[in-house]
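Below is one structure, written out as structure tokens, with a few remarks after it.
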Amino acid sequence: MTFDHCHTLQTEAFYLGHVIEGSAGSKGTVLLLLALLLTPFSAQAQSDYGFNFEKTGSAGFQALKIGIGARESALGEAASSLTNDANAVFWNVGALPLISGPTVYLTHNEWLVNSRVDALVAAVPVKSYTFGLSVMNFGIESYEETTATDPEGTGRMVSAGDLMVGLAAAKRFTDRLTIGLQVKYVREQLDQDVFSNVLFDVGTLYYTGFRQLRLAFTIQHFGASVNGLRESFRMPLLFRMSVADDLVDMQTFRLSTSFELVHPTDNNEWVNWGIESVFLNMLSLRAGYRFQVDEGDFSLGAGLALRQIAIFQMHLDYAYVPYGDLLGVTHRITLGLSRR
């Protein structure tokens, strides 16, 4: 979604129009402090699941880690403190209350090696709550089976893919703090073998009161291990900690940036950085960089906000993310419709 005048109105409403009573505000502050205190301990406890060797490739359901949303992908995936539309369910479910009305987002991702990712999100605010329903499908191009006795192919086609269905709920606890929870059903098919699980996401977004500085804390893909084939495999648990601010905030121009630390339990940590400029509340230009990753470090993108289309606002976003000469380039497109 283009980071436009709609976001400015949302932010003003966030500060001026949704202040909860003092007791609720205190409760929300306590919850935030607990989250801040528990996150490092949780990260340490879950950091290796008892493994004392390289963690790469030690978890399943890797499709859950593919970035959904052209805007967020163009920002180098430094998105948990910048996302403010329905695609927040894929980055920080705690940011879901920033939408101002019923919203539907469609994303198509031309992924690596002729695979593809398609996602649909619908979200609606109800008083101080916001609810979201999301569906994500990942599929690879079918290929012919080969065996030791038929190295040239057996004639049988093999397919694989992942399906995710999520139900999210988020709430404004104070004029500065939102917290969200998402439960997800995930299913993975590897030829004739099928595995499924139920996972949880928890996210928070906190406006500090200084400028537009905000902090985000997210735990994603939390769930039990799954037994499959000859051994069990764990989930791709992610911890995200992010900070964002609007460096320039004028009526005709906005410049925002974000830094994000990502701590996976099945790989080494990396840092995401993104920057977004918005002109005349219509055209957005974006760039991002992911530090300490092997491929897919650099990203570019743009967005266009089209207003007064019937009763809807339409947003079109695109992201260009190269993965080197071997894997090629990925293209991501998102179309959003929202009603205020």
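The values are calculated or read from the model by the stated rules, or taken from the named source; none is laboratory data. Because the structure is predicted, anything quoted here is derived from the model rather than measured. Cβ sites come from the backbone with ideal geometry, for glycine too, and all protein chains shown count toward neighbours.
Is one or more of the residues making up region 231-248 exposed (fewer than 15 other Cβ atoms within 10 Å of the Cβ) and not in a strand (DSSP E or B)? No, region 231-248 contains no residue that is exposed (fewer than 15 other Cβ atoms within 10 Å of the Cβ) and not in a strand (DSSP E or B). Of the set (1) among the small types (Gly, Ala, Ser); (2) in contact with a helix residue (DSSP H, G or I) (Cβ under 7 Å, 6 or more places away or on another chain); (3) at pLDDT below 95, all apply to Gly303 but (3).
When the residues of region 123-149 are filtered to those that are more than 25 Å from Phe200 (Cβ to Cβ) and either modelled with pLDDT of 90 or more or of a type in the set (Asp, Glu) (or both), the one that is surrounded by the fewest Cβ atoms within 10 Å (Cβ to Cβ) is Glu141.
If the condition is being under 22 Å from Leu82 (Cβ atoms) and assigned to a helix (DSSP H, G or I), then region 97-134 contributes Pro97, Leu98.
Here is a list: Arg176, Arg187, Arg214, Arg172. Which entry is surrounded by fewer than 17 Cβ atoms within 10 Å (Cβ to Cβ), closer than 24 Å to Ala86 by Cβ and within 26 Å of the chain's Cα centre (by Cα)?
Details: Arg176 fails: surrounded by fewer than 17 Cβ atoms within 10 Å (Cβ to Cβ); Arg214 fails: surrounded by fewer than 17 Cβ atoms within 10 Å (Cβ to Cβ); Arg172 fails: surrounded by fewer than 17 Cβ atoms within 10 Å (Cβ to Cβ).
Sole residue among the options that is surrounded by fewer than 17 Cβ atoms within 10 Å (Cβ to Cβ), closer than 24 Å to Ala86 by Cβ and within 26 Å of the chain's Cα centre (by Cα): Arg187.
Would you check which residues across region 316-340 are surrounded by fewer than 16 Cβ atoms within 10 Å (Cβ to Cβ), within 14 Å of Ser73 (Cβ to Cβ) and either modelled with pLDDT under 90 or among the hydrophobic types (A, V, I, L, M, F, W, C) (or both) and list them? Passing the criteria: Val329, Ile333. Picking from residues in region 277-315 that are among the polar types (S, T, N, Q) and buried (at least 16 other Cβ atoms within 10 Å of the Cβ), the one that is nearest to Ser73 (Cα to Cα) is Ser299. Within region 264-295, the set of residues being in contact with a helix residue (DSSP H, G or I) (Cβ under 8 Å, 6 or more places away or on another chain) and either at pLDDT below 95 or hydroxyl-bearing (Ser, Thr, Tyr) (or both) comprises Pro264, Thr265, Asn281, Ser284, Glu295. Selection within region 308-324: residues that are over 16 Å from Leu106 (Cβ atoms) and touching a residue at least 24 places away in the same chain (Cβ under 8 Å). The member of this set that is farthest from the chain's Cα centre (by Cα) is Ile311.
Residue count for region 269-296 satisfying the condition of being within 20 Å of Val321 (Cβ to Cβ), in contact (Cβ under 8 Å) with a residue 24 or more places away in the chain and not in a strand (DSSP E or B): 3. Any chance region 250-258 includes a residue that's modelled with pLDDT of 95 or more, aliphatic (A, V, I, L, M) and in a strand (DSSP E or B)? Yes, that holds for at least one residue.
Residues considered: Glu72, Glu54. Of these, the only one that is closer than 20 Å to His263 by Cβ, at pLDDT 50 or above and more than 20 Å from the chain's Cα centre (by Cα) is Glu54. Just so you know, in region 190-211 the residues that are over 19 Å from the mean Cα position of the chain (by Cα) and within 30 Å of Ile140 (Cβ to Cβ) include one that is surrounded by the fewest Cβ atoms within 10 Å (Cβ to Cβ), and it is Gln192.
Give me a count of the residues in region 319-340 that are assigned to a loop (DSSP other than H, G, I, E, B) and under 23 Å from Asn84 (Cβ atoms). Show your work before the answer.
From region 319-340, those assigned to a loop (DSSP other than H, G, I, E, B) are 323, 328, 339-340; that's our starting set.
Still in the list and also under 23 Å from Asn84 (Cβ atoms): 339-340.
Residues that pass the stated criteria total 2.
Every condition in (1) under 19 Å from Thr204 (Cα atoms); (2) in a loop (DSSP other than H, G, I, E, B) holds for Glu152 except the one numbered (1).
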